[in-house]
Amino acid sequence: MDEAQNIMCDAWEAPTREQAVALARKALAVSADCADAYNLLAEEAAESLEEAIDLYRKGVEAGERALGKKVFEEDVGYFWGLLETRPYMRARAGLAQCLWEAGRREEAVEHYWELLRLNPNDNQGIRDLLMPCLIELGRDEDAERLFKQYEEDGMAVWMYSRVLLDFRKQGDSPAAEKSLRAALDQNRHVPSYLLGRKKIPRVLPGYYGFGDENEAVLYAVGNRAAWKATPGALEWLAANTRS
């Protein structure tokens, strides 16, 4: 297994997509339990969403075999802190994202919850993906539970999720206005991208900082559907952020 993972290190650094894919297949020839090889193939070689789902699912299964049942019984809550769990966690996160895109939304949400159960420290940022999913599905109680689990999070996705949850609960209200003021203090750029006053760039930013425009762009891309799923929310936001 170590040999296969070493090959994957070369695959990630390969200068071309073709070389990376070839190395991933070589890793699988060495060990069928190399989850990261399936992850790379899902990202770089899959020709359809269903093929990507199949590859990620194989990655999850490979990760489960490689880790063994004991890890899932004894190390819950500490995943990701253990290096050997990371290929599995990457595979499961990729699977969840593809399932959501394919319209298999409840299935995707269950995978996200399980990732957070295994690793509540959430090094992967799963909560940022799960929150808008829950809101789109109208699962507000679950969204509130998730918010409370990470209520100390001060990034835009959490601050503006609080705004949206308060609006969904109470409409145009002092609570929603208070949350909006706090969110604007954290990142004033979000409404411009959320409302289309500024265009989303063709190439999404690969990094972001606290309160910057990159953070606002990524929030808008990931959460606009949740706002659109809330009647009156975007109109209310526009009326309260005219400046």
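The values are calculated or read from the model by the stated rules, or taken from the named source; none is laboratory data. Small disclaimer: the values here were computed from a predicted structure and weren't measured. Neighbour counts are summed over all protein chains in view; Cβ atoms, including those assigned to glycine, are modelled from backbone coordinates with ideal geometry.
From Ala182, Ala225, grab the single residue that is loosely packed, with under 15 Cβ neighbours inside 10 Å, in contact with an Asp or Glu (Cβ under 9 Å, 6 or more places away or on another chain), in contact (Cβ under 8 Å) with a residue 12 or more places away in the chain and among the hydrophobic types (A, V, I, L, M, F, W, C).
Ala225
Would you check which residues across the stretch 28-46 are under 18 Å from Met89 (Cα atoms) and either touching a residue at least 40 places away in the same chain (Cβ under 8 Å) or touching an Asp or Glu at 6+ places or on another chain (Cβ under 6 Å) (or both) and list them?
Cys34, Ala35, Asp36, Tyr38, Asn39, Ala42, Glu43
Can you pull out every residue in the stretch 155-176 that is over 13 Å from Thr230 (Cα atoms) and either under 17 Å from the mean Cα position of the chain (by Cα) or surrounded by 15 or more Cβ atoms within 10 Å (Cβ to Cβ) (or both)? Explain how you work it out, then say what you get.
Looking only at the stretch 155-176, we keep the residues that are over 13 Å from Thr230 (Cα atoms), and these are 155-160, 162, 173-176.
Scanning the stretch 155-176 gives Met155, Ala156, Val157, Trp158, Met159, Tyr160, Arg162, Ala175, Ala176.
Of all residues in the stretch 95-104, which are assigned to a helix (DSSP H, G or I) and of a type in the set (A, V, I, L, M, F, W, C)? Lay out the reasoning, then the answer.
Taking the stretch 95-104 first, the residues assigned to a helix (DSSP H, G or I) are 95-101.
Hits for the stretch 95-104 are Leu95, Ala96, Cys98, Leu99, Trp100.
Could you say whether any residue in the stretch 133-140 is of a type in the set (Gly, Ala, Ser), buried (at least 18 other Cβ atoms within 10 Å of the Cβ) and over 14 Å from Phe79 (Cα atoms)? So that I can check it myself, show each step before the final result.
Of the residues in the stretch 133-140, the ones of a type in the set (Gly, Ala, Ser) are 138.
Then drop every residue that is not buried (at least 18 other Cβ atoms within 10 Å of the Cβ), which leaves none.
No, the stretch 133-140 contains no residue that is of a type in the set (Gly, Ala, Ser), buried (at least 18 other Cβ atoms within 10 Å of the Cβ) and over 14 Å from Phe79 (Cα atoms).
From the set of residues in the stretch 143-154 that are part of a helix (DSSP H, G or I) and in contact with a helix residue (DSSP H, G or I) (Cβ under 8 Å, 6 or more places away or on another chain), which is surrounded by the fewest Cβ atoms within 10 Å (Cβ to Cβ)?
Initial filter on the stretch 143-154 (part of a helix (DSSP H, G or I)): 143-149.
Subset that is in contact with a helix residue (DSSP H, G or I) (Cβ under 8 Å, 6 or more places away or on another chain): 143-144, 146-147, 149.
Details: Ala143: 23, Glu144: 15, Leu146: 24, Phe147: 17, Gln149: 13.
Of everything passing the filter in the stretch 143-154, Gln149 is surrounded by the fewest Cβ atoms within 10 Å (Cβ to Cβ).
Can you find a residue in the stretch 81-94 that is at pLDDT 95 or above, under 21 Å from Cys133 (Cβ atoms) and assigned to a loop (DSSP other than H, G, I, E, B)?
So far as the stretch 81-94 goes, no, none of its residues is at pLDDT 95 or above, under 21 Å from Cys133 (Cβ atoms) and assigned to a loop (DSSP other than H, G, I, E, B).
So how many residues does the stretch 105-142 have that are more than 24 Å from Arg168 (Cβ to Cβ) and not in a helix (DSSP H, G or I)?
5
Could we say that Glu235 is modelled with pLDDT of 95 or more and either in contact with a Lys or Arg (Cβ under 8 Å, 6 or more places away or on another chain) or under 27 Å from Leu99 (Cβ atoms) (or both) here?
No, not satisfied.
Quick one: what pairs do we get from the stretch 67-78, first residue closer than 15 Å to Asp33 by Cβ, second surrounded by 12 or more Cβ atoms within 10 Å (Cβ to Cβ) and at pLDDT below 95, C-beta under 7 Å, 6+ apart or different chains?
Short answer, once both residue conditions are applied: Leu67/Glu84.
Filter the stretch 1-33 down to the residues that are closer than 17 Å to Glu84 by Cβ and of a type in the set (Asp, Glu), then identify the one that is surrounded by the most Cβ atoms within 10 Å (Cβ to Cβ).
Ranking the qualifying residues of the stretch 1-33, first place goes to Asp33.
Identify the single condition in (1) free of Cβ contacts under 8 Å to residues at least 12 places away in the same chain; (2) surrounded by fewer than 16 Cβ atoms within 10 Å (Cβ to Cβ); (3) farther than 22 Å from Val221 by Cβ; (4) not polar (S, T, N, Q) that Gly103 does not satisfy, given that it satisfies every other one.
(3)
Of (1) within 23 Å of Asn223 (Cα to Cα); (2) crowded, with 16+ Cβ neighbours inside 10 Å, Leu118 satisfies all except one. Which?
(1)
Is there a residue being crowded, with 21+ Cβ neighbours inside 10 Å and over 30 Å from Gly138 (Cβ atoms) anywhere in the stretch 45-54?
no
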